[in-house]
Amino acid sequence: MVSTSVAPEQRNAALAYAMLWAQTPDGFHELARSIPSPKAMAPDWSPPAAMRTKLDLHAALLDGVGQAAALERCDFELEREKGVSTPLPHMSFMHMTFRMLLADARRLSLEGEPDAAAARLTTMLGMARHLSMDLTHVSSRVAGEATQVACEHGAALLKSHDVSDEAKGELRAALDRFDPDDPFNARAATVATVEYSIANSALDLRDREFERIGNTGFIGIESIETPVPVTMPEQQAWIDTEMNRCRAWARDVIAAMGTTDNPDAELRAISQRARTGEYGPLAKSGLAYSLTPVWKAESEARASMQDLAQILGN
């Protein structure tokens, strides 16, 4: 249960999730792994009888997750000082919990409890919003994918069952809590990736780059040149210059996400420019990954959210 000793607006959902995951019933991991991934679970999927029994045994856990997902704030206190190697230890539990919630929504729907099924989908939406608060592109992508699936199953549930106005209102409220301009914090994650991940790795990336060009503290990389010592201010100036080039990458990414022409093509071009070094060596080392999956997850989730909102509005 979520603690009542702290004001609701001050509670951190991450702590509530961690406490729940630390007390999972026996068989939680095995059950979660036996459930199809949300993307592979069709809205008419039917869990086997044995799985339904096991899901019912985890109902209290999922109810607790629902309380945590309703909280406003979520901060998993990522070790951002580790830069581009920042771990996401909660991600596997988020994946497993998404699977359990979606499978249990199907169980409840098939057992004639559409309101309870809708509540599980509402929980998924709340968890997805919380996950996006990590401000990493991985978390933004997973949050978008989970939201898309929850909305698709929600739409199917509303079309096939008589869901109460109260349950519909909770789904509507969960949708409304997403920021319409940056629902999964992909843009905020773009800035955070530069200002945290790259900035906290800049010294290591700088040393790697200096080693690559044969410079271990001296200017003069050809054998016939006389080495000239590089002072620390000059090294810091190099970092400052390269960080500004990474910020240009972030501005270009955010601008591409806001274009109405062909965002996917723009993002692919930006990733290619990062790989070829156009944004500098820091970006080449830490920002050359594909952003297409992040954008795809957001755009598909937005469409599913709009579909569900229209059904809820009828």
**Q.** Exclusive hit being closer than 23 Å to Leu135 by Cα, surrounded by 14 or more Cβ atoms within 10 Å (Cβ to Cβ) and without any contact (Cβ under 8 Å) to a residue 24 or more places away in the chain, set Arg251, Arg268, Arg302, Arg275
**A.** Arg275
Q. Is it the case that some residue within the stretch 12-23 is at pLDDT 90 or above, hydroxyl-bearing (Ser, Thr, Tyr) and in a loop (DSSP other than H, G, I, E, B)?
A. no
Q. Of the residues that sit in the stretch 7-36 and are in contact (Cβ under 8 Å) with a residue 60 or more places away in the chain and of a type in the set (S, T, N, Q), which one is surrounded by the most Cβ atoms within 10 Å (Cβ to Cβ)?
A. Asn12
Q.
Can you pull out every residue in the stretch 102-133 that is polar (S, T, N, Q) and within 15 Å of Leu175 (Cβ to Cβ)?
A. Thr122, Thr123, Ser132
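Listed here are the residues, each with its yes/no results for (1) closer than 29 Å to Pro47 by Cβ; (2) hydrophobic (A, V, I, L, M, F, W, C); (3) surrounded by fewer than 18 Cβ atoms within 10 Å (Cβ to Cβ).
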residue	(1), (2), (3)
Arg73	no, no, yes
Leu78	no, yes, no
Gly83	no, no, no
Pro87	no, no, yes
His90	yes, no, no
Leu102	yes, yes, no
Leu110	yes, yes, yes
Pro114	yes, no, no
Q) When the residues of the stretch 166-191 are filtered to those that are touching a Leu at 6+ places or on another chain (Cβ under 7 Å) and over 19 Å from Ala297 (Cα atoms), which remaining residue is surrounded by the fewest Cβ atoms within 10 Å (Cβ to Cβ)? A) Arg172
Q. Across the stretch 142-188, what is the total count of residues that are within 16 Å of Met257 (Cα to Cα), of a type in the set (A, V, I, L, M) and free of Cβ contacts under 8 Å to residues at least 60 places away in the same chain?
A. 1
Q. Residues that are farther than 15 Å from Leu312 by Cβ and modelled with pLDDT of 95 or more: which helices (runs of 4 or more DSSP H) entirely in the stretch 112-211 hold 3 or more of them?
A. 114-132, 137-160, 186-192
Q. For the stretch 263-314, list the helices (runs of 4 or more DSSP H) that sit wholly inside it and hold at least 2 residues that are in contact with a Cys (Cβ under 8 Å, 6 or more places away or on another chain); which are they?
A. 281-286, 292-313
Q: Evaluate the following for Ala59: is it hydrophobic (A, V, I, L, M, F, W, C) and surrounded by fewer than 20 Cβ atoms within 10 Å (Cβ to Cβ)?
A: yes
(Q) Would you confirm, using the coordinates I've provided, whether Leu157 is more than 20 Å from the chain's Cα centre (by Cα) and surrounded by 19 or more Cβ atoms within 10 Å (Cβ to Cβ)? (A) yes
(Q) Can you report the number of residues in the stretch 37-46 which are part of a loop (DSSP other than H, G, I, E, B) and without any contact (Cβ under 8 Å) to a residue 12 or more places away in the chain? (A) 1
Q.
The conditions are (1) surrounded by 15 or more Cβ atoms within 10 Å (Cβ to Cβ); (2) among the charged types (D, E, K, R); (3) assigned to a loop (DSSP other than H, G, I, E, B), and Arg245 fails exactly one of them. Which is it?
A. (3)
Q) Going by the conditions given, is Pro114 without any contact (Cβ under 8 Å) to a residue 24 or more places away in the chain and touching a Leu at 6+ places or on another chain (Cβ under 8 Å)? A) no
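The values are calculated or read from the model by the stated rules, or taken from the named source; none is laboratory data. Keep in mind it's a predicted model, so treat the numbers as computed, not measured. FYI the Cβ positions are ideal-geometry reconstructions off the backbone, even for glycines, and counts take in every protein chain you see.
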